[in-house]
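Below is one structure; the comments refer to it alone.
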Amino acid sequence: MPRIIAGQWRGRVLASPPGSATRPTAERLRQALFDMLWHAEWGGREWLGAACVLDAFAGTGAMGLEALSRGAVSAVFMEQDRAALNALRANVAACGAEAAVLACDATRPPRAKAPCDLVFLDPPYGEGLIPRTLAALGAAGWIAPDAVVVAEHARDQDIWSAPHADAPPIGSAAAGAPDGWALLATRAHGAGAVTVLRAA
């Protein structure tokens, strides 16, 4: 069962939907990511504490709730799977979080009321959804100028192209980042990895 690692809700166990459709981010990978967000010169405690967060493909909501637990100002969660939505809403309610839960496809989002400073993307692995989702969220006004985007993906996946067997590891010179994005960092654990980008 996933749990919140630090902050005001530290140790709180989060409900998960039955089955294997939802894949929570490994706790060690989440810890490494938030340590980096907390300490990096492009992030920092004050920056995280002032951030408006979007958690797309939210699943249990672990990423967005972790950010709120550590002081983020607000969060919006996007999820379309019914079982995951039930768990997500239960987790938001159990934490008493001031957050919006949108039952929608993150690749076809509604228009944003306000842009977000920190965006988490955790789409199904291997489906090439990250570029499409970034474009859709940007067009709908969800991504603030200079926003930090954390994309989770399979460790050996080139997130900028269609899936193929010999894709270079993300963060390599061959993978890089397209125009409009700066590659800030990568972290990997087991079969999963996160790539951290900034909207240029």
Query raised in the report: Can Ala93 be described as in contact (Cβ under 8 Å) with a residue 12 or more places away in the chain and among the hydrophobic types (A, V, I, L, M, F, W, C)?
Result: no
Query raised in the report: What is the residue count in region 73-88 for residues that are out of contact with any Asp or Glu (no Cβ under 6 Å at 6 or more places or on another chain) and over 18 Å from Arg3 (Cβ atoms)?
Result: 9
Report task. Could you figure out which of (1) open to solvent by less than 20 Å² (accessible area, probe 1.4 Å); (2) at pLDDT 95 or above; (3) under 15 Å from Gln8 (Cα atoms) isn't true of Asp55? Result -> (3)
Report task. Could you pull out the residue among Gly64, Gly44, Gly49 that is at positive phi and not aromatic (Phe, Trp, Tyr)? Result -> Gly44
Query raised in the report: Which of the residues belonging to region 89-98 are within 22 Å of Met1 (Cα to Cα) and either among the aliphatic types (A, V, I, L, M) or assigned to a loop (DSSP other than H, G, I, E, B) (or both)?
Result: Ala90, Val92, Ala93, Ala94, Gly96, Ala97
Query raised in the report: Looking at (1) open to solvent by less than 40 Å² (accessible area, probe 1.4 Å); (2) modelled with pLDDT under 95; (3) among the hydroxyl-bearing types (Ser, Thr, Tyr), which is the one condition that is false for Thr186?
Result: (1)
Query - Per-region count, region 177-200, residues closer than 21 Å to Cys116 by Cβ and of a type in the set (S, T, N, Q) - result: 1
Requested in this report: Please go through region 139-160 and pick out each residue that is open to solvent by 40 Å² or more (accessible area, probe 1.4 Å) and modelled with pLDDT under 80.
Outcome: Trp160
Query raised in the report: So which residues in region 117-135 are part of a strand (DSSP E or B) and open to solvent by 20 Å² or more (accessible area, probe 1.4 Å), if there are any at all?
Result: Asp117
Report summary line: When Leu14 is run through (1) surrounded by 21 or more Cβ atoms within 10 Å (Cβ to Cβ); (2) under 23 Å from Thr195 (Cβ atoms), the failure sits at (2)
Query raised in the report: Only one of (1) open to solvent by less than 60 Å² (accessible area, probe 1.4 Å); (2) assigned to a helix (DSSP H, G or I) fails for Arg28. Which number is that?
Result: (1)
Report summary line: Exception for Ala112 within (1) part of a loop (DSSP other than H, G, I, E, B); (2) small (Gly, Ala, Ser); (3) within 21 Å of Gln31 (Cβ to Cβ) falls at (3)
Requested in this report: Identify the residue in region 74-90 that is touching a helix residue (DSSP H, G or I) at 6+ places or on another chain (Cβ under 6 Å) and open to solvent by less than 10 Å² (accessible area, probe 1.4 Å) and, among all such residues, is farthest from Ser16 (Cα to Cα).
Outcome: Ala75
Requested in this report: For Gly138, indicate whether it is small (Gly, Ala, Ser), assigned to a helix (DSSP H, G or I) and out of contact with any helix residue (DSSP H, G or I) (no Cβ under 8 Å at 6 or more places or on another chain).
Outcome: yes
Requested in this report: Give the residues of region 138-157 that are farther than 14 Å from Gly180 by Cα and in contact (Cβ under 8 Å) with a residue 60 or more places away in the chain, sorted by residue number.
Outcome: Trp142, Val150, Glu152
Query - Test for Gly171: is it under 18 Å from Leu33 (Cα atoms) and at pLDDT below 80 - result: yes
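The values are calculated or read from the model by the stated rules, or taken from the named source; none is laboratory data. Here the structure is a predicted model, which is why all the values come from computation and not from measurement. Cβ: placed from backbone, ideal geometry, glycine included. Neighbour counts: every protein chain shown. With ligands, DNA and RNA removed, areas are computed over all heavy atoms of the protein, side chains included. Shrake-Rupley method; radii C 1.70, N 1.55, O 1.52, S 1.80 Å.
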